Amino acid sequence: VVTIVSAASIGIPLVAILFHIRRIGNRYMPFAFYLTIGAANEWLSFYLIRNHQSNTVNSNIYSLMEYGLLLWLFFHLTPQKLSWRLLYVLTGVVIWLLDNFYLHSIRDDNSYFRIFACLTISWLSIEHINLTVFSDRITAYRKTDLLLGIGLFVFFAYSAFLRCFYVVSVGLHISFYMQLWLILSVVNLIANLIFMFAILWIPKHRPIISI
């Protein structure tokens with residue numbers, strides 16, 4: 001039940017976006033796409049599993065799309081040199097290709113790229129939170145930017161931690177892994193609630209920056 005509620009909770013920030021679509025603008029458009037594609041993947045996975053089919057292929061493809069959209073978001077929110085942007089993008093694509101076509105099959109539940117992507121997003125989240133908190137430039141976007149950074153860090157940092165147990169075999173009982181996934185469901189629900197508040201705090205008009 002917790003897992004189903006958690007998966008469906010992506011609809012909470014998505015509904016908030018639909019009611020505040022005019023506020024999104026270019027700044028948060030990548031995040032709107034991230035939630036939309038995430039919801040589509042959850043629905044597709046639910047359909048496939050319900051019909052006794054595997055959802056690993058669409059999940060592996062989604063992991064790359066998720067990574068790209070969140071990079072796009074952070075490139076909007078946090079100044080990045082072109083060289084760093086290219087490094088994040090190209091490294092991610094190469095690792096995804098290796099993980100899904102060389103080291104493993106795209107039909108497997110692969111973890112190497114997911115760990116890399118989660119750690120990268122976690123790092124960018126920390127960088128963004130620091131910039132938002134300690135910047136002298138105060139804008140009406142500050143609450144939204146801070147909440148997005150916190151929500152993304154909480155979810156992806158824990159996801160990276162969980163995936164490490166699938167790369168390093170430590171001989172733990174299957175019930176331990178089930179507990180890890182249950183905790184992830186709770187973390188996902190909390191993150192989606194944080195995203196909802198972040199969206200609700202997007203200002204109606206373009207804010208004036210004070211220095």
Which residue, of Leu14, Leu35, is open to solvent by less than 10 Å² (accessible area, probe 1.4 Å), closer than 19 Å to Ile202 by Cβ, in contact with a helix residue (DSSP H, G or I) (Cβ under 6 Å, 6 or more places away or on another chain) and among the aliphatic types (A, V, I, L, M)? Leu35
For the structure I just gave you, tell me whether Trp181 is open to solvent by 90 Å² or more (accessible area, probe 1.4 Å) and either among the β-branched types (Val, Ile, Thr) or closer than 20 Å to Met29 by Cβ (or both). no
Could you check segment 156-178 and list, in sequence order, the residues that are surrounded by 12 or more Cβ atoms within 10 Å (Cβ to Cβ) and in contact (Cβ under 8 Å) with a residue 40 or more places away in the chain? Ser159, Ala160, Arg163, Cys164, Tyr166
Please state which of the following conditions Trp201 fails to meet, knowing it meets all the rest: (1) of a type outside the set (D, E, K, R); (2) loosely packed, with under 14 Cβ neighbours inside 10 Å; (3) under 18 Å from Ile150 (Cβ atoms). (2)
Segment 99-116 residues that are closer than 21 Å to Phe156 by Cα, paired with ones that are of a type in the set (A, V, I, L, M) (beta carbon under 6 Å, 6 or more apart): Asn100/Ile106; Ser111/Val167; Phe113/Ile95; Ile115/Ala160; Phe116/Ile95
What about Phe75, is it modelled with pLDDT under 95, open to solvent by less than 50 Å² (accessible area, probe 1.4 Å) and either among the aromatic types (Phe, Trp, Tyr) or touching a Ser or Thr at 6+ places or on another chain (Cβ under 7 Å) (or both)? yes
State whether one or more residues within segment 101-114 are assigned to a helix (DSSP H, G or I) and under 15 Å from Tyr34 (Cβ atoms). no
Can you name every residue in segment 120-145 that is within 18 Å of the chain's Cα centre (by Cα) and surrounded by fewer than 17 Cβ atoms within 10 Å (Cβ to Cβ)? Trp123, Ile126, Glu127
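The values are calculated or read from the model by the stated rules, or taken from the named source; none is laboratory data. Just so you know, these numbers come straight off a predicted model, no measurement behind them. Quick reminder, even Gly has a Cβ in these numbers, built from the backbone with ideal geometry, and neighbours come from all protein chains shown. Heavy atoms of the whole protein, side chains included, go into the accessibility calculation; ligands, DNA and RNA do not. Shrake-Rupley method; radii C 1.70, N 1.55, O 1.52, S 1.80 Å.
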